[in-house]
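A short worksheet on the structure shown next.
Derivation of every value follows stated rules applied to the coordinates shown; laboratory data play no part. Predicted, not measured: the structure shown is a model, and the values here were computed from it. Glycine also receives a Cβ, built like all others from the backbone with ideal geometry; neighbour counts cover every protein chain displayed.
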Amino acid sequence: MAGALPRRIWIVGPSGAGKSTIAAALAARLGVPAVHLDDIHWQPGWVETPRAELIERVGPIVAGDDWVIDGNYTDVRRVHGSRAELFVWLDPPFAVALVRVLRRTLSRAATGELCCNGNTESLTNAFFSRDSVLLWVIRTHRARRRQLTEEMKSKPHVRLRTTRDVAAFLSAHGAA
């Protein structure tokens, strides 16, 4: 898919796929807001926003004419996904996603980098918690791929499986 990008793009894929990075690049290219659903979902202290409220809060965003959203919240996509003109499905191999999440988590834990609406990651939570993001990747990667394989059949989308695919897509759209 080369040429002009649509003005409403939704990025999906597993944790560690690069959704936020690609969203930022495409949003900058289009001159539109990048909306990271994790920043809406996770409140300070890693408190989750209730689904109904999350769906409601995303409504005014998707009502706009121009945006790039990244995130996998199925309920949110089910309600608001019809507003997307293109889904960019990042689908890296499991090992790639797991290594990226591990690197990102270690870096954030070491530097205290803020994420997800001002929260921080810790080694304790990454390795010794039932809420570990690493366990999340292990538990959800295959199921997410199955779900998106089915869901994307009926949606305008591009599926990018490798870093080369992503680079080519961004280059084709002047977002590299």
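At a glance:
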{"item": "The chain: calculated mean residue ellipticity at 222 nm from DSSP helix runs of at least 4, using -39500 (n - 2.57)", "result": "-15500 deg cm²/dmol"}
{"item": "Efficiency of FRET between Asp131 and Thr21 - r from beta-carbon atoms, R0 35 angstrom, step 0.05", "result": "0.90"}
{"item": "Nearest 10 degrees, 0 to 90: helix 133-151 Cα axis against the chain principal axis", "result": "20"}
{"item": "Relative contact order of the chain, pairs being alpha-carbon contacts under 8 Å that are 6 or more residues apart, as %", "result": "33"}
{"item": "The chain: most fluctuating residue of Thr21, Thr111, Thr120 per GNM, C-alpha cutoff 10 Å", "result": "Thr111"}
{"item": "Lys, Arg +1 and Asp, Glu -1 on Cβ, resulting dipole of region 134-175 about Cα centre, debye, nearest 20", "result": "220"}
{"item": "Burial ranking of peptide ranges 126-133, 168-175, 25-32, 9-16 (average Cβ count within 10 Å, highest at the top)", "result": "9-16, 25-32, 168-175, 126-133"}
{"item": "Normalised contact order of region 16-108, rounded percent, pairs of Cα under 8 Å and 6 or more residues apart", "result": "39"}
{"item": "Long-range amide H partners of His157 with built H, under 5 Å", "result": "Phe87"}
{"item": "Beta bridges by DSSP in the chain, antiparallel share as percent, to the nearest 5", "result": "15"}
{"item": "Region 157-172 - phi-based ³J(HN,Hα) in whole Hz, Karplus 6.51/-1.76/1.60, Gly and Pro as x", "result": "8, 10, 10, 10, 9, 10, 4, 5, 4, 5, 4, 5, 4, 5, 5, 4"}
{"item": "5 angstrom amide H check on Arg8, placed H, neighbours 5+ away", "result": "Trp67, Glu85, Leu86"}
